[in-house]
There are 2 protein chains.
Amino acid sequence: MTPDPNRTVAQPKRSSLLVVGSLALDTIETQTSRRDEVLGGAACYASFAASFFAPVRLVGVVGGDFPRAHEDLLRSRNIDLAGLERAPGRTFRWAGRYAADFNNRTTLDTQLNVFETFRPKLPAAYADSAFVFLANIDPVLQLEVLGQVHRPRFVACDTMNFWISGKRAELVRVLERVNMVLLNDEEARQLSGKDNLPAAASVIRGMGPSAVVIKRGDAGALFFSQDGVFAAPAFPLEAVVDPTGAGDSFAGGCMGWLARSGDSSAAGIRTALVVGSVLASFCVQDFSLDRFRSLDEPAIRARCAAFADLVRFQSVQF
Amino acid sequence: MTPDPNRTVAQPKRSSLLVVGSLALDTIETQTSRRDEVLGGAACYASFAASFFAPVRLVGVVGGDFPRAHEDLLRSRNIDLAGLERAPGRTFRWAGRYAADFNNRTTLDTQLNVFETFRPKLPAAYADSAFVFLANIDPVLQLEVLGQVHRPRFVACDTMNFWISGKRAELVRVLERVNMVLLNDEEARQLSGKDNLPAAASVIRGMGPSAVVIKRGDAGALFFSQDGVFAAPAFPLEAVVDPTGAGDSFAGGCMGWLARSGDSSAAGIRTALVVGSVLASFCVQDFSLDRFRSLDEPAIRARCAAFADLVRFQSVQF
């Protein structure tokens, strides 16, 4: 059968993903190298990772010193920056140093700058965003964002120890309104009061989100839902350069895939988490978003195939 | 088609697995409970886990105080104890305390007792053992065992930080003669001098074993071979009672499966490691070998199926 050139195949309209969170200038020290004031921030990593799969709308704030080249880089991925506020003052800065195994890092400096007084204001056109990722920011701001979107189909959030201890009541209100929460193992223990991770996930699911994803760095991630547990290993790499942003790229890749596929069932989330793992594995191969700059679909497809091979085994029959 | 009742199906003769290592009386403290002088030791856990799949021959030493009931328990699994020496003196004792998350433990007491002067002597009938697991003992003794078996098909060993630093030359000679080494992440880093685990595995593979398995506790295991990398998560459990012996049960389950299947290809080892993960997951559900006492094939099969579900995902197509 010959394809009919006059026949137009209806492409499903991809849903937009709204990402809200920090953009930063990061200073990173590893055991062997150092980078000063490079592009970073949770929303930046998440947006870039998601942009390979879905149209992204970014809400955040930068200062007058934020290089135009960084904005241009984000625009080159068709990330909508109508929601990016340029406020008077300096951009948020973070500095940290990694231990030799990359599993521990020390924060050397945090300067909130324009981020300190940030109040997210969504452009009117963003109100219809079907998928929303609330990266790690003050839960009060996460709630303000949710007040500005109209009936989103799927909302996920991240958080951190600082908000779990300092703004627990507000965080609990966020959790009541999200479909999925992504957090690391220590945060899951702190939030739930349980040391055992499956038990912690049960407690957190009881707080609202039907999907709980516990991130464990190079030990991978666990996803808990009514469908049971899914374990996604981290993709093993011979050389890790800089793990900054890995968790945010993981979340962004996952949410971008969900927006693209439209399948937020437990099975759909499993596949999305594999995509997230793949994006995180690219993120750590260079400083800042540098590996993402040259990343393309064939490379992503090849690593998705390698990921499937990583966990492949013949079933146990006896 | 009706099965012909007169047709006999030839069952492949299962290869025997030789296990050499410690038998111990352990005193275990967790955050909520304590057990005094219960059955333990690496060879004991490994033999018991393997016994669900293959005939096991055990070589080790106990003192005059080792309860007959423990021997009877091992015999009840058809573990051959012809190689178990009963020496004058007291059985090896170990005592430890676990942190709340079970990922860290403190050794409170070690009494080598009869283990201090142990020299493994294999019964003549053990010389034809096709599969050999050298649990964590002095590499000098591991070499003595290898001198007493005749052309084994597949040999695996474990080791620990104490031998890596104290008897490195002897350990290197063991590694030159084994097909597979199982060790934890810190031991892999110490042995290889590499912080990155895939890099560490490459170095260790260069020392001899074509298969390197890095155990990471509740973060699962990584298997490196010429076939690439395989990641096996740990089976998540809502309640862990006592992780003592999990790594040895993992190794024993894996080696028992290899002896049963006879398939020591990289693909065969992948399946064997899943079986090992399943056996380890049972091990930690009670103190000592208590969960193993009531374990049966249907329960093992059910958890193997649950394990397959744990890592199942639809392939990423775009």
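Name the most mobile residue of A:Ala127, A:Ala100, A:Ala234, meaning the one with the largest mean-square fluctuation, in a Gaussian network model of chain A with Cα contacts below 10 Å.
Result: A:Ala100 has the largest fluctuation of those listed.
Taking the Cα centre as origin and putting +1 on Lys and Arg beta-carbons and -1 on Asp and Glu beta-carbons, what dipole magnitude results for the protein assembly as shown, to the nearest 20 debye? Numbers along the way, then the final one.
On the way: 68 positive and 68 negative charges, 206 e Å.
Computed charge dipole of the protein assembly as shown: roughly 1000 debye.
I want to check the label-to-label distance for A:Arg153 and B:Arg75. Put each point 7 Å from Cα in the C-beta direction and report it in nm to one decimal.
Distance between label points: 6.7 nm.
Taking the label point 7 Å from Cα in the Cβ direction, how far apart in nm is B:Arg34 from each other copy of itself, listed shortest first?
5.1
List the distances, in nm to one decimal, from the label point of B:Ala169 to the label points of the same position in every other copy, shortest first, placing each label point 7 Å from Cα along the Cα-to-Cβ direction.
Nearest to farthest, the other copies are at 7.0 nm.
HN-Hα J couplings of the stretch B:103-112 from phi, Karplus 6.51/-1.76/1.60, θ = phi - 60°, integer Hz, Gly and Pro as x?
Taking θ as phi minus 60°, the curve returns 7, 10, 9, 10, 7, 8, 6, 9, 10, 5 Hz for the stretch B:103-112.
Please list A:Glu170, A:Glu71, A:Glu238 in order of solvent-accessible area, largest first, computed with a 1.4 Å probe with all protein chains present. It would help to have the intermediate numbers written out before the result.
On the way: A:Glu170 60, A:Glu71 15, A:Glu238 105 Å².
The ordering from most to least exposed comes out as A:Glu238, A:Glu170, A:Glu71.
Rounded, prolate or oblate for the stretch B:95-232? Axes are the square roots of the Cα gyration tensor eigenvalues, ordered a ≥ b ≥ c, and the cut-off for rounded is a/c under 1.5. Please report the intermediate quantities before stating the final value.
Values: a/c = 1.79, a/b = 1.12, b/c = 1.59.
The shape class here is oblate.
Which chain A residue comes nearest the axis with its C-beta when you rotate A onto B, and by how many angstrom?
Axis-proximal residue of A, distance in whole Å: A:Ala219, 2.
Every other copy gets compared here: list the nm distances from the A:Asp227 label point (7 Å along Cα to Cβ) to its counterparts, shortest first, one decimal.
2.8
Which whole-number percent is the relative contact order of chain A (Cα, under 8 Å, 6+ apart)?
Values: 659 pairs, mean separation 54.0, N = 318.
Result for chain A is 17 percent.
Please list, in chain and number order, the residues 5+ apart from A:Gly41 or on another chain whose amide H is under 5 Å from its amide H, with Hs placed from the backbone.
Sorted by chain and number, the residues that satisfy this are A:Ala24.
Picking from A:Ile137, A:Val181, A:Ala169, whose Cα lies most toward the positive end of the charge dipole for the stretch A:119-233 (charges on Cβ: Lys, Arg +1; Asp, Glu -1)?
So the residue we want is A:Ala169.
Name the long-range amide H neighbours of B:Asp65: under 5 Å, sequence gap of 5 or more, or other chain; modelled H, no Pro or chain starts.
Answer set, sorted by chain and number: B:Thr91.
If you take the square roots of the eigenvalues of the alpha-carbon gyration tensor of the protein assembly as shown and sort them as a ≥ b ≥ c, do you get rounded (a/c under 1.5), prolate (a/b over b/c) or oblate?
Numbers: a/c = 2.17, a/b = 1.88, b/c = 1.15.
Verdict is prolate for the protein assembly as shown.
As an exercise, use a Förster radius of 22 Å and the Cβ-Cβ distance of B:Asp65 and B:Ala239 to find the FRET efficiency, rounded to the nearest 0.05. It would help to have the intermediate numbers written out before the result.
On the way: r = 32 Å, r/R0 = 1.46.
In this case the efficiency is close to 0.10.
Could you check which residue among B:Ala239, B:Ala201, B:Ala135 shows the biggest mean-square fluctuation in a GNM of chain B with a 10 Å Cα cutoff?
B:Ala239
Extending each Cα 7 Å along its Cβ direction at B:Leu112 and A:Glu85, get the distance between those two points in nm, one decimal.
6.8 nm
What full-extension length gain, to one decimal in nm, is calculated for A:Ser202 and A:Asp101 as 0.36 nm per residue of separation minus the Cα-Cα distance? All intermediate terms of the calculation are to be shown ahead of the outcome.
On the way: separation 101, 0.36 × 101 = 36.36 nm, distance 3.06 nm.
Extra length from A:Ser202 to A:Asp101 when fully extended: 33.3 nm.
Calculate for the protein assembly as shown the 222 nm mean residue ellipticity that helices alone would give, adding -39,500 (n - 2.57) per DSSP H run of length 4 or more and normalising by residue count, nearest 500 deg cm²/dmol.
On the way: 22 runs with 220 residues, N = 636.
Calculated from helices alone, the mean residue ellipticity at 222 nm is -10000 deg cm²/dmol.
Under the 0.36 nm per residue contour assumption, what length would be gained going from the current alpha-carbon distance of B:Ala124 and B:Arg34 to full extension?
Details: separation 90, 0.36 × 90 = 32.40 nm, distance 4.06 nm.
Net length gain for the segment: 28.3 nm.
Only Cα pairs within less than 10 Å get springs; with that Gaussian network setup on chain A, which residue of A:Ala211, A:Ala49, A:Ala280 has the largest fluctuation?
The residue with the greatest mean-square fluctuation here is A:Ala211.
Show B:Arg205, B:Arg105 ordered by accessible area, largest first, where the area counts protein heavy atoms only and the probe is 1.4 Å. Show your work: numbers first, answer last.
Values: B:Arg205 80, B:Arg105 130 Å².
In descending accessible area the options line up as B:Arg105, B:Arg205.
Counting only residues 5 or more places away or on other chains, whose amide H sits under 5 Å from the amide H of B:Glu85 once H atoms are built in the peptide plane?
B:Gly60, B:Val61, B:Val62
Restricting to chain A, compute how many DSSP beta bridges are antiparallel as a %, nearest 5. Let's see the in-between values first.
Working: 20 of 52 bridges.
Given both bridge residues lie in chain A, the antiparallel proportion sits at roughly 40 percent.
The values are calculated or read from the model by the stated rules, or taken from the named source; none is laboratory data. Just so you know, these numbers come straight off a predicted model, no measurement behind them. Every residue, glycine as well, gets a Cβ built from its backbone with ideal geometry; the counts of neighbours run over all protein chains shown. Please note that ligands, DNA and RNA were not included when accessible areas were found on the heavy atoms of the full protein model with its side chains. Shrake-Rupley method; radii C 1.70, N 1.55, O 1.52, S 1.80 Å.
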